[in-house]
Structure formats: C-alpha cells, structure tokens
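Trainee: This is the structure, below, for whatever I ask next.
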Amino acid sequence: MTSHQSTQTMKPATAAKKLGVYLEATPAEFQEGVVSRAELNALQADPPQWLQDLRRNGPHPRPVVAAKLGVSIAGLARGGVTEPLTTEQIDALKKDLPEWLQKERATQAEVRKEAARVKAKNAERADQARP
C-alpha cells in the first residue's frame, strides 16, 4: 500500500500575507490562482522582479506599514492610517513625525518594556520552581 500525498495549496490572500505583500498590488495571475507550498517556497527563495519591487516600494499591507513605523496595527488605525502605504509615504511619515506617530511609538515602547518585564518575571518564577 502506498500513501498518496496531496499537494498543499493556499489562497492567494494567504500566500500574499506570508510573502508580506499587498494582494491587490500583485499580478493578476497571482491573484486569480492558487499557490502551492512549493511555489510559495520558490517565491521566497528566488523572488521574481514584481515581488522584489513590491517589497521595496509597496504598497505595503498594514502589518508591514506598522512594523516599518514602529507601531501596532491598532496604532495605525488610531492614527487614521487605514489604506496601504508605499515606501515613499512611510518615509515621509517618518520624516514629518506627526504627533499621533510619536504617541503610538511611545505606547509601543511601553508595551515592549512591559512584555519584557513580564517575561523576565515568569522566567524567574520558573527558575525558583525548579529543585
């Protein structure tokens, strides 16, 4: 008896998310088809020109925009950023540093600091619990 392994496929939206690109900016053939795990791995290992351009210039999806600005996705929404941004637009925001961005970066820094404190405290408890 032989086992038959089916090819894993995913929707274009899932593949775009894994690649860190905005789906609507990808080529039509990417948006309309399904992507196999092997195709995704090939795109990650040797990105075609369209993928390189999207990653470099955008438009970028919200998680990428948030990471590039150093804020959370919720912070983007609070700042009024609901649409994908290009690298040029992100750089302009970094340069102008509006008040909302300064506030959200400070909030994000506090969140990271608190997460590190909790992690250290939990690690300390774990060490104390070991005989």
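Any read-out appearing in this document is the output of simple, stated calculations on the displayed coordinates, not a laboratory observation. No experiment lies behind these values; they were computed from the predicted model shown. Neighbour counts are summed over all protein chains in view; Cβ atoms, including those assigned to glycine, are modelled from backbone coordinates with ideal geometry.
Trainee: Can you give the local net charge around GLY75? Use residues other than it whose beta-carbon is closer than 10 angstrom to its beta-carbon, Lys and Arg +1, Asp and Glu -1.
Mentor: +2
Trainee: How much net charge surrounds PHE30 when only the other residues with a Cβ under 12 Å from the Cβ of PHE30 are counted, with Lys and Arg +1 and Asp and Glu -1?
Mentor: Once all neighbours under 12 Å are counted, the net charge is -3.
Trainee: Points 7 angstrom from Cα along the Cβ direction at ALA67 and ARG117: gap in nanometres?
Mentor: 2.7
Trainee: Which FRET efficiency value, to the nearest 0.05, do you get for MET10 and ARG55 by plugging their Cβ-Cβ distance into 1/(1 + (r/R0)^6) with R0 = 22 Å?
Mentor: Given R0 = 22 Å and the Cβ-Cβ separation, E is 0.70.
Trainee: Could you point to the residue in PHE30, PRO12, LEU69 farthest towards the positive end of the range 1-110's charge dipole, with +1 and -1 charges on the Cβ of Lys/Arg and Asp/Glu respectively?
Mentor: Of the listed residues, the answer is LEU69.
Trainee: Quick one: of LYS18/LYS119; LYS68/LYS103; LYS68/LYS95; LYS68/LYS94, which pairs are farther than 19 Å apart, Cα to Cα?
Mentor: From the list (LYS18/LYS119; LYS68/LYS103; LYS68/LYS95; LYS68/LYS94), the Cα-Cα distance tops 19 Å for LYS18/LYS119.
Trainee: Can you tell which of ALA66, ALA15, ALA106 shows the greatest fluctuation in a Gaussian network model of the chain with Cα springs below 10 Å?
Mentor: ALA106
Trainee: Residue by residue through the range 113-130, which ³J(HN,Hα) values in whole Hz follow from phi under the Karplus form 6.51 cos²θ - 1.76 cosθ + 1.60 (θ = phi - 60°), with glycine and proline marked x?
Mentor: So the Karplus estimates, Gly and Pro as x, are 4, 5, 4, 5, 5, 5, 4, 5, 5, 5, 5, 5, 4, 5, 5, 5, 6, 6 Hz.
Trainee: Excluding same-chain residues fewer than 8 positions from LYS121, which lysines have a Cα within less than 20 Å of its Cα?
Mentor: LYS113
Trainee: Assuming R0 = 35 Å, can you tell me the calculated FRET efficiency for the pair VAL34 and GLU83, based on Cβ-Cβ distance, to the nearest 0.05?
Mentor: 0.85
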